[in-house]
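**Q** Quick one: this structure, given as structure tokens, is what I'll be asking you about.
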Amino acid sequence: MNAPIVFRRMAAAWIVLVVLGAGSARADVTFIVNTVLDLADDNTNDGLCHTSAGTCSLRAAITQANHWSNPEYAIINLPAGNYVLSIPVPFGAVDDEAVGDLNLTTALIAGQRIVILGQSAASTIIDANHVGSVFAIAQGRPATISHVTIRGGNSPFSGGGIRNEGDLTLFRSIVENNTAHTYGGGIDNFQGALLVKSSTIRSNDAHEGGGIDTFGIGNRVEILASTVSDNHAYQGGGIYNDGDQLFVVNSTVSANTADDNGGGIYSRIATFIYNSTIVDNDADDDHDQTGGSGGGIYAESGSRSLVVNSLIAANYATGYVNENDCQGILEVYGWNLFGDDGAFCSFSGNGASSHGLITPSTIGPLQDNGGSTWTHALLPGSQAIDSTYDNLGCVDENLTPLPDDQRGGSRPFGVRCDVGAYEYGAVTDRIFSNGFE
């Protein structure tokens with residue numbers, strides 16, 4: 001009986017090492033949740049996760065972590081289970097720690113981080129049950145959410161799944177089936193720092209930024225080895241970028257739809273895309289008279305949209321009728337492949353020497369090809385295989401070589417690195433494809 005418990009503790013420690021760095025495994029406090037019921041903490045000042053029922057709930061653990069005043073980490077261990085939020089905000093009351101969404105408040109000491117660590121995204125579910133958002137991360141709050149699924153959020157404003165104003169890392173998690181009436185159906189990053197790593201943002205809905213919306217001056221959002229798919233919005237079906245710096249690295253943006261512009265990505269300020277795959281997105285999905293364009297990427301006039309070694313193909317406008325990979329000016333470097341050769345956009349940077357055509361039928365469907373997220377495989381004969389330039393290859397935003405593809409398969413496999421997020425022929429380990437089981 002003790003062996004599984006020991007294993008889980010070792011696995012939890014390993015995950016903290018991976019997410020936070022080798023020097024951050026030690027924590028001053030750990031709260032172990034032992035009930036799926038949504039209950040408030042009965043004494044916020046005693047340092048104990050304890051409800052009136054004598055249990056430690058997720059809400060109570062977060063409340064105690066909010067009040068932790070030491071500079072080390074507050075880790076919340078969340079076992080497998082379905083954690084349904086059930087305490088609505090009373091009419092006229094304030095949405096605080098005890099009611100509504102799960103509030104991660106401003107740290108009492110600068111740098112003090114809350115870590116919420118589930119068992120796996122497949123088995124640890126946090127569901128808002130449409131009573132509000134799921135998480136709200138306050139300004140100045142460092143936080144890590146790992147190995148969970150976040151779903152069922154419904155916000156009348158922004159951030160159906162997560163509203164982030166702090167410094168949030170989302171690792172090996174899923175954000176799905178959330179709705180916001182304005183910005184960020186899955187995640188609204190409002191003047192915060194956001195890292196989405198090895199995660200999936202899917203089937204969310206909002207007015208702007210169905211999957212992710214980002215806004216702010218000087219903020220940084222990085223989507224790394226992740227998939228943004230099947231989200232919907234009026235503009236920016238997958239991602240709406242109204243922030244200073246959005247980096248999409250080794251990631252997939254697929255099957256997102258917008259009723260207006262930017263089926264996959266709407267770039268309003270500065271977007272930087274490296275070795276990513278943007279496929280099967282649609283603009284003007286509602287076929288209305290106002291139209292819409294930029295099925296894959298819509299680069300607003302005056303914005304900067306930089307693309308390096310990426311695959312942008314089989315994107316459409318007008319309800320998957322007209323091929324429309326991009327709209328606006330793309331600054332291209334390395335070797336990039338398009339399905340329609342950018343018929344509706346122009347190219348700066350290295351221009352014609354950095355883009356060519358790919359046959360869309362050589363790109364496989366979005367599916368489980370190994371790793372923790374779904375990808376589009378390259379099929380035999382694809383022009384994306386072994387076609388990046390030797391002097392650049394597959395790199396991130398720091399021009400550092402990417403050792404793996406999105407799935408974790410070694411790059412390069414073959415003569416040269418492949419264009420996009422998938423390395424043809426690379427083998428991945430499927431044992432932990434959904435996290436620790």
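Each value in this text was obtained by applying a stated rule to the coordinates, not by laboratory testing. Since this is a predicted model, take the numbers as computed values, not measurements. Cβ coordinates were reconstructed from backbone atoms using ideal geometry, including for glycine residues, and neighbour counts include every protein chain displayed.
**Q** From the square roots a ≥ b ≥ c of the eigenvalues of the alpha-carbon gyration tensor of the stretch 123-200, which class results: rounded (a/c under 1.5), prolate (a/b over b/c), or oblate? Don't skip to the end; give the middle numbers.
**A** Details: a/c = 1.78, a/b = 1.07, b/c = 1.67.
In terms of gyration-tensor shape, oblate.
**Q** Same structure again: Would you calculate a helix-derived [θ] at 222 nm for the chain, using -39,500 (n - 2.57) for each DSSP H run of n ≥ 4 and dividing by the full residue count, to the nearest 500? Write down the numbers at each step before the final one.
**A** On the way: 2 runs with 28 residues, N = 437.
Using -39500 (n - 2.57) per qualifying helix, the result is -2000 deg cm²/dmol.
**Q** Here's another thing I want to ask about it. How do Asp188, Asp42 rank when sorted from fewest to most other Cβ atoms within 10 Å of their own Cβ?
**A** Starting with the residue having the fewest Cβ neighbours, the order is Asp42, Asp188.
**Q** Of the listed peptides 110-123, 171-184, what is their order by residue-averaged count of other C-beta atoms within 10 Å, with the highest listed first?
**A** Taking the mean over residues of other Cβ atoms within 10 Å, the ranking is 171-184, 110-123.
**Q** In square nanometres, what is the average projected area of the Cα convex hull of the stretch 25-224?
**A** So the mean shadow area of the Cα hull is 10.3 nm².
**Q** Using a basic spin-label model with each label point 7 Å from the Cα along Cα→Cβ, how many nm lie between Thr55 and Asn391?
**A** Going by the 7 Å Cα→Cβ label model, 6.3 nm.
**Q** Still on this structure: Net charge near Thr388: determine it from the other residues with C-beta under 11 Å of the C-beta of Thr388, scoring Lys and Arg +1 and Asp and Glu -1. Walk me through the intermediate numbers first.
**A** Numbers: positive: Arg411, Arg416; negative: Asp386, Asp390, Asp418, Glu423.
Net local charge, Thr388 excluded: -2.
**Q** Still on this structure, I have one more. Specify the angular offset, from 0 to 90 degrees and rounded to the nearest 10, of the alpha carbon long axis of helix 2-20 from the longest principal axis of the alpha carbons in the chain.
**A** Around 50 degrees separate the two axes.
**Q** Moving on to the next point. Using Cα centres only, tell me the gap between the stretch 339-358 and the stretch 170-216 in whole Å.
**A** A separation of 29 Å, based on Cα centres.
**Q** Considering the options Asn103, Ile76, Phe157, tell which one lies farthest towards the positive end of the dipole of the stretch 44-197, charges being +1 on Lys and Arg and -1 on Asp and Glu at the Cβ, about the Cα centre.
**A** Ile76
**Q** Moving on. Show me the ranking of peptides 124-130, 143-149 by mean Cβ neighbours inside 10 Å, starting with the highest.
**A** Working: 124-130: 20.9, 143-149: 26.0.
Packing order, densest peptide first, comes out as 143-149, 124-130.
**Q** Say R0 is 30 Å: what FRET efficiency, to the nearest 0.05, do Ala343 and Phe157 get from their beta-carbon distance? If you can, show how the numbers build up before the last one.
**A** Values: r = 38 Å, r/R0 = 1.26.
Computed FRET efficiency for Ala343 and Phe157 comes out at 0.20.
**Q** Test of understanding: what is the full-extension gain from Ala40 to Ser86, defined as 0.36 nm times their sequence separation minus their Cα-Cα distance?
**A** So the chain would gain 15.5 nm between Ala40 and Ser86.
**Q** In debye, nearest 20: dipole of the chain around its Cα centre with unit charges on the Cβ of K, R (+) and D, E (-)?
**A** 1340 debye
**Q** Apply 1/(1 + (r/R0)^6) to the Cβ-Cβ distance of Thr106 and Val415, taking R0 = 35 Å, and write down the FRET efficiency to the nearest 0.05.
**A** So, using R0 = 35 Å, E works out to roughly 0.10.
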